[in-house]
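Structure first, commentary second.
The values are calculated or read from the model by the stated rules, or taken from the named source; none is laboratory data. In this text, all values refer to a predicted model and were calculated from it rather than measured experimentally. Counting neighbours? That spans all protein chains shown, and the Cβs are built from the backbone with ideal geometry, glycine included. Calculation scope for accessible area: heavy atoms of the full protein, side chains included, ligands and nucleic acids excluded. Shrake-Rupley method; radii C 1.70, N 1.55, O 1.52, S 1.80 Å.
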Amino acid sequence: MHIPLDYETLRLIWWLLLGVLLIGFALTDGYDLGVATLLPFVARNDEERRLTINAVAPHWEGHQVWFILGGGAIFAAWPFVYAVSFSGFYLAMFLVLAALILRPVGYKYRSKDANPAWRARWDWAIFVSGLVPALVFGVAVGNALAGAPFRFDSDLRMTYEGSLLGLFTPFTLLTGVLSVAMLALHGAGWLAVKIEEGPVLARTRRIALGAGIVSIVLFALGGLMVAKGGMGMHLVGAVDASGPSNPLMSGSAPLSGGWLGNYALHPWMLIAPALGLIGPIVALVGISLRKGLLNFAGSALAIVGTIATVGLSMFPFILPSSIDPRSSLTVWNASSSHLTLFIMLIVTVVFLPIVLLYTAWVMKVLAGRITLADVRTSLDFY
């Protein structure tokens, strides 16, 4: 079968698509997680909690498609990355999935009984369903930057030498808290767009101011730790961008500050960290001016900038090894076959626009603010 795109180009395309899917998930389900995290702090009574929950309740299920697409893309396009991350980080993944399971159960069951204690327990479950995934996703990004403790033997059998607690280091906790703050800011932006003026929105703005400041400080501090903390890798020897997918056939070595090298070679990449800093500032301006759309746009820019910063800093590495640099996974040594990537690209070209159109259509149909009066009168609300 003739494949019109060469192997190197397809690998680059799928690296970009992986970034697009991760950003898509963070932009959509990110505000669901953020609103869940804010729930105990912005809503003081049952009506206010129902107002907050129903700001995201019609949307969250549709957003799961981005989570599934991201996982599916890693499995099909980057099988080595899937093998390491989903095996080595198994317990962390279990925590995320357990927390995400609490979300639909909490939404569906909290209003089945008018008992305040019953509803309070489910409200805390919803809070956990937002906080835990946001924290663990951020910790995972930190571990990607710092390197994961895995190695391949001569038969490409993977051994992971870490533990669940080993994932939580000072640096990865910083990236985890940054993720929580950034998604809380995004959730606050969504509430500013979606709910009526009132006590809930006033509390949301106050918390969002803190989340925005924390996001700026931790993003800058994280960048400093990446530059000065001994993190980084570089390729050693000749690189065959169209070579076979075998991590042991390419060379990698630690390089302190190595994650900053791409910015010296390609200054245009500085756009990404600039967005990571400018985005929260735009959100803070939106909060101060009570412009919900500006708040939401700023938090979205912060997410795009932060994820793009990680991807561009590490390129061509996807998941480096902290104990055996030779086993590190890159764009050039960890992909599926040439034919598989091409067939997947055709499928993506067909179905990704459908997902985007569906998402846009749902946002249009469900546009408009909800009010406490809607909460009191609508039989469809949770």
In the stretch 159-172, anything more than 22 Å from GLY257 (Cβ to Cβ) and part of a helix (DSSP H, G or I) is listed as LEU165, GLY166, LEU167
I'd like to verify a number: residues in the stretch 78-95 that are touching a Phe, Trp or Tyr at 6+ places or on another chain (Cβ under 7 Å), of a type in the set (A, V, I, L, M) and either surrounded by fewer than 21 Cβ atoms within 10 Å (Cβ to Cβ) or over 26 Å from SER335 (Cα atoms) (or both), how many? 1
Determine, yes or no, whether LEU275 is within 30 Å of ASN333 (Cβ to Cβ) and in a strand (DSSP E or B). no
Here is a list: THR37, THR28. Which entry is in contact with a His (Cβ under 9 Å, 6 or more places away or on another chain), in a helix (DSSP H, G or I), in contact (Cβ under 8 Å) with a residue 60 or more places away in the chain and among the polar types (S, T, N, Q)? THR28
Checking the structure you have, find out if any residue of the stretch 212-226 is at negative phi, open to solvent by 50 Å² or more (accessible area, probe 1.4 Å) and outside any helix (DSSP H, G or I). no
Could you look through the stretch 331-347, keep only residues that are open to solvent by less than 30 Å² (accessible area, probe 1.4 Å) and polar (S, T, N, Q), and pick out the one that is farthest from GLY237 (Cα to Cα)? SER336
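A quick yes/no check of all residues on (1) in contact with a Gly (Cβ under 9 Å, 6 or more places away or on another chain); (2) of a type in the set (Ser, Thr, Tyr):
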site	(1), (2)
LEU167	yes, no
THR172	yes, yes
VAL177	yes, no
VAL180	yes, no
ALA192	yes, no
ILE213	no, no
VAL217	no, no
LEU221	no, no
Residues LEU191, LEU156, LEU145: which one is open to solvent by 10 Å² or more (accessible area, probe 1.4 Å), in contact (Cβ under 8 Å) with a residue 24 or more places away in the chain and in a helix (DSSP H, G or I)? LEU145
Any idea how many residues of the stretch 96-110 are surrounded by 16 or more Cβ atoms within 10 Å (Cβ to Cβ) and in contact (Cβ under 8 Å) with a residue 40 or more places away in the chain? 4
Only one of these conditions is not met by PRO254: (1) in contact (Cβ under 8 Å) with a residue 40 or more places away in the chain; (2) farther than 22 Å from LEU270 by Cβ; (3) open to solvent by less than 30 Å² (accessible area, probe 1.4 Å). Which number is it? (3)
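Is it the case that the stretch 116-135 has a residue that's aromatic (Phe, Trp, Tyr), in contact (Cβ under 8 Å) with a residue 24 or more places away in the chain and open to solvent by 20 Å² or more (accessible area, probe 1.4 Å)?
Yes, because at least one residue in the stretch 116-135 is aromatic (Phe, Trp, Tyr), in contact (Cβ under 8 Å) with a residue 24 or more places away in the chain and open to solvent by 20 Å² or more (accessible area, probe 1.4 Å).
It is to be established whether one or more residues within the stretch 312-330 are polar (S, T, N, Q), in contact (Cβ under 8 Å) with a residue 24 or more places away in the chain, open to solvent by 50 Å² or more (accessible area, probe 1.4 Å) and not in a helix (DSSP H, G or I).
yes
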Step by step: first the residues of the stretch 331-348, then only those that are touching a helix residue (DSSP H, G or I) at 6+ places or on another chain (Cβ under 8 Å) and assigned to a helix (DSSP H, G or I), then the one that is farthest from ASP153 (Cα to Cα). Which residue is that? THR348
Checking the conditions here, which among GLY229, GLY198, GLY166 is open to solvent by 20 Å² or more (accessible area, probe 1.4 Å) and either of a type outside the set (Gly, Ala, Ser) or without any contact (Cβ under 8 Å) to a residue 40 or more places away in the chain (or both)? GLY166
